[in-house]
Structure formats: C-alpha cells, structure tokens
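Since the structure comes first, as structure tokens, the remarks are kept for the end.
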Amino acid sequence: MKILFMAWKSLGQKDLADEFIRRGWEVVYYPFPREKENTRINKRLCEEIVKTIAEDKYDFVFSFNYFPVISIACNACRIKYISWTFDSPFIQLYSNTVGYPYNYVFIFDRGTCQDLWDKGIRTVYYLPMAAPVERYDRYDETNEVKDLFQTQISFVGSTYWEKKHRFFERLGAVSRKTQGYLDGCIQMQKQIYGEFLLEKAIIPEIMEDMMAHCPLEVNEDGFERLEWVYAHYFLARQVTALERMEILDLLSKKYSVDLYTYEPTPELSSVRNRGTVEVMEEAPMVYRCSKINLNITLRSILTGIPLRSFEIMGNKGFLLSNYQEDYLEYFNDGEDFVYYTDYEDLERKAEYYLSHEKERQEIAENGYRKVKCGHTYRKRVDAMMDMI
C-alpha cells in the first residue's frame, strides 16, 4: 500500500506514519502548507496536489485535520482522502466539500460528529485520539529526570490567556447590556460540564450587536453558522481562559503546581511556570513524575477526550480531568481516571488523591493498561481500515 502523507507540524504525525511503515506500507511525504496559505479554496495549491497524485499511484491521501483543498484534489483524482481531526474548533469541517464521496473524515469529538451527522453528512466518522504506548514504554525516567519534573500537580498546555486567543476582546465595543449578557453566559457555561450552551444562548438581539461591532462573514463555500463561530471561537475560549487561570490559581494556594506553557503568567504568582516542554520525550516525563496531571478541556470540545488525556494515561500518569461524556464510553471514573464536576469537587479530589498514594497509583496503572490495550495508533489504523 502506498500513501501520500500531507506533512505539517501536527501532533501524532511521526507515530501514525511509523505505524503505516510498520505495516510495510510506503509513505511519501508531501510538504503541506498550513500557516500561511489558504487551505480551503486555493486553485494553485489544489493543482499542485492533483499533479502530485497523478504522477504516481497512491492508495489514499492522509492528513491530520481536514482540509478542503485536499478533498477537492482527491475528488478530482477519484482517490480516497482520509483525515483525522484533533483540533477544536475546526471551521474547515463545515466546508461544503466535507460530504464529497471520496472523503473519510475521522473526528475525535463525538459531539462534533453528531452536529455534522444531524446535517446529513455521511462521510464523517467518530475516532478518538491515541497514545504511542510502545514508544513511551522504551523511555526510562532517571533520578535526574525525576528531580527535574517531580511535583504534586502539573498542567501542560496553553492558558488561552495569550493575545492570539483573546478573540473575546474584539467584542469590547458592544453595548453594556450585551457585555453583561455575554459575561453571564460565560459564567453560566463555566459552571456546567456535559452541555454546550453558548451557541443556544446567542439570541437575535445579542447577535445583532456583536455583528455591528465585530462583523463576521460566513464562508461562501461552507455551511457554518455565525452563532457557531461566535460561540466556539470567541466565548468558549474566554470560558477556557478563565477556567484554567482560576483552577491553577486555586490549587496553587495549597499545593505545588507546575505549569508548562509558552508565555509568562505573572497573574499566577504561586504557580511555577516551567515554560514550554518538548512533546516527544520531555512531556512523558512530566506526566510520569507528577502526582496529579490536570486536564482542563478547551470548551469548544463538546464531548471528546483531548489528546493530552491519552498521553497522560499512556505514560502511567494519574489523570484528573473535567467531565467529558466520551470518557465514559471507554474508561471508568475512579478506576482508570478521575473526573471532577466543579471547583469544589476538584479541590476535594486533589486533596484525597494526593494523600492516598496507593489508590492513586492503582488508578494510573489501570488507565495505562486500558490505553495500551485499546487506544494505540495501531488500534486506530485498524479502525480506519475497517471503516474504509
């Protein structure tokens, strides 16, 4: 089997390509532009991809995340296009091309799949993320590594307080009434797990004011809703930013908390900001050496399990996460991982599991075994091939 692999700086790229190669398949890498080029409608890029496909015989084209320009090229060449989307929100999933017959669009979030299924899209499939446990098992944490990364609680990821994520500030000119309404919606969503309410809460009067002061346009080639864009890109990020900062600050008042992120966080005076961590080898050591690994899900992920959670459990790390519906399809709360339902519940469970080491280690071991047994890249490729 021969695969044209659209290569960009995506998480999981090496592990999935290695799995293709382990099966004896030939992987040909195509340097795919993502940051600076339009990957939705781009005639020049589309023609380049068509030419590349036409020059050889491929069984399918693969990319992490779904890109309409690749779909258009594959549809023209009548070749299967397999994508696996792990970003959220990802607006390109709402391109009219998503229903093209040569597409196999795998998405890690069942809630997003359901939204597309409800619109009659039949080329979309639910596929959770994975962990390269075989690679992780080859790693050894030395005493030096343990000394470097040991802590009570850690969180690896963006705070969403960074300037590039501050979409909500673009709504600063709306009326005081709208601002108060939006603040209320944000506080409401912050208290509720398991139900995404922000899009439903954008009533016509509020929508009109937001459009007047921060106008958006629906893509001509898509079917995304403007309410969806405001809810997922503006409001959900604000909820996540507040939640992550508040949780880290709350826990750091009582425990040693390490944060691995790419910008300074002077607001979190009691949190030890360790800067960025290298994802392939250093992050696994963080997960192994932290007594508790936090997952605070980006709120635009409706029901899905973030990649971070699989990586934590795949390294025998103890996972303490907010509630997400998809967890319960594969894992048991209190047995393989632990979820919290509000800040008070989080504090109570952090205190309990920091003082019950044997139970904490047993849960981490159970989570590891389940991920190793059923949630590796080998298992995910099996699932893709079965579907295709």
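The values are calculated or read from the model by the stated rules, or taken from the named source; none is laboratory data. Bear in mind the structure is a predicted one, so any value in this text is a computation, not a measurement. Every residue, glycine as well, gets a Cβ built from its backbone with ideal geometry; the counts of neighbours run over all protein chains shown.
Just give me the residues in region 179-204 being exposed (fewer than 14 other Cβ atoms within 10 Å of the Cβ) and touching a residue at least 24 places away in the same chain (Cβ under 8 Å), in sequence order.
191, 194
Quick check, is residue 95 touching a residue at least 12 places away in the same chain (Cβ under 8 Å), over 25 Å from residue 282 (Cα atoms) and of a type in the set (S, T, N, Q)? Steps first, please.
Values: touching a residue at least 12 places away in the same chain (Cβ under 8 Å): yes; over 25 Å from residue 282 (Cα atoms): yes; of a type in the set (S, T, N, Q): yes.
Yes, satisfied.
Can you tell me which residue is nearest to residue 321 (Cα to Cα) among those in region 370-388 that are among the charged types (D, E, K, R) and surrounded by 14 or more Cβ atoms within 10 Å (Cβ to Cβ)?
Step one: list which residues in region 370-388 are among the charged types (D, E, K, R), which gives 370, 372, 378-380, 382, 386.
In the following step, the residues that additionally are surrounded by 14 or more Cβ atoms within 10 Å (Cβ to Cβ) were identified as 370, 372, 378-380.
Working: 370: 17, 372: 19, 378: 25, 379: 24, 380: 23 Å.
Among residues in region 370-388 that are among the charged types (D, E, K, R) and surrounded by 14 or more Cβ atoms within 10 Å (Cβ to Cβ), the one nearest to residue 321 (Cα to Cα) is 370.
Exactly one condition in (1) surrounded by fewer than 21 Cβ atoms within 10 Å (Cβ to Cβ); (2) in contact with a Leu (Cβ under 7 Å, 6 or more places away or on another chain); (3) without any contact (Cβ under 8 Å) to a residue 60 or more places away in the chain; (4) not acidic (Asp, Glu) is false for residue 69; which is it?
So the condition that residue 69 fails would be (1).
Regarding region 165-178, can at least one residue be identified that is more than 23 Å from residue 110 (Cα to Cα), part of a helix (DSSP H, G or I), modelled with pLDDT of 95 or more and in contact with a strand residue (DSSP E or B) (Cβ under 8 Å, 6 or more places away or on another chain)?
There is no residue in region 165-178 that is more than 23 Å from residue 110 (Cα to Cα), part of a helix (DSSP H, G or I), modelled with pLDDT of 95 or more and in contact with a strand residue (DSSP E or B) (Cβ under 8 Å, 6 or more places away or on another chain).
Spot the failing condition for residue 152; the list is (1) in contact (Cβ under 8 Å) with a residue 12 or more places away in the chain; (2) assigned by TED's automatic domain parsing to the domain that holds residue 296; (3) in a helix (DSSP H, G or I), and only one is missed.
Looking at each condition in turn, residue 152 falls short on (3).
Mind listing just one residue for me: the one in region 33-66 that is in contact with a Ser or Thr (Cβ under 7 Å, 6 or more places away or on another chain), in a loop (DSSP other than H, G, I, E, B) and at pLDDT 95 or above and, of those, surrounded by the most Cβ atoms within 10 Å (Cβ to Cβ)?
Among them, the one singled out is 66.
Can you go through 166, 176 and tell me which one is surrounded by fewer than 16 Cβ atoms within 10 Å (Cβ to Cβ), farther than 29 Å from residue 252 by Cβ and out of contact with any Leu (no Cβ under 9 Å at 6 or more places or on another chain)? Give the derivation first.
Details: 166 fails: farther than 29 Å from residue 252 by Cβ.
Within the list 166, 176, the selection yields 176.
For residues that are in a loop (DSSP other than H, G, I, E, B) and touching an Asp or Glu at 6+ places or on another chain (Cβ under 8 Å), scanning just region 194-214, find the one that is farthest from residue 168 (Cα to Cα).
Initially, region 194-214 is screened for residues in a loop (DSSP other than H, G, I, E, B), giving 194-197, 202-203, 214.
Narrowing further to those that are touching an Asp or Glu at 6+ places or on another chain (Cβ under 8 Å): 194, 202.
On the way: 194: 23, 202: 14 Å.
Checking each candidate, the answer is 194.
Among (1) outside any strand (DSSP E or B); (2) among the aromatic types (Phe, Trp, Tyr); (3) more than 19 Å from residue 385 (Cα to Cα), where does residue 30 come up short?
Exception for residue 30: condition (1).
Please go through region 334-388 and pick out each residue that is in contact (Cβ under 8 Å) with a residue 60 or more places away in the chain, in a helix (DSSP H, G or I) and under 18 Å from residue 131 (Cβ atoms).
368, 371, 372, 377, 378, 379, 380, 381, 383, 384 - these are the residues of region 334-388 that are in contact (Cβ under 8 Å) with a residue 60 or more places away in the chain, in a helix (DSSP H, G or I) and under 18 Å from residue 131 (Cβ atoms).
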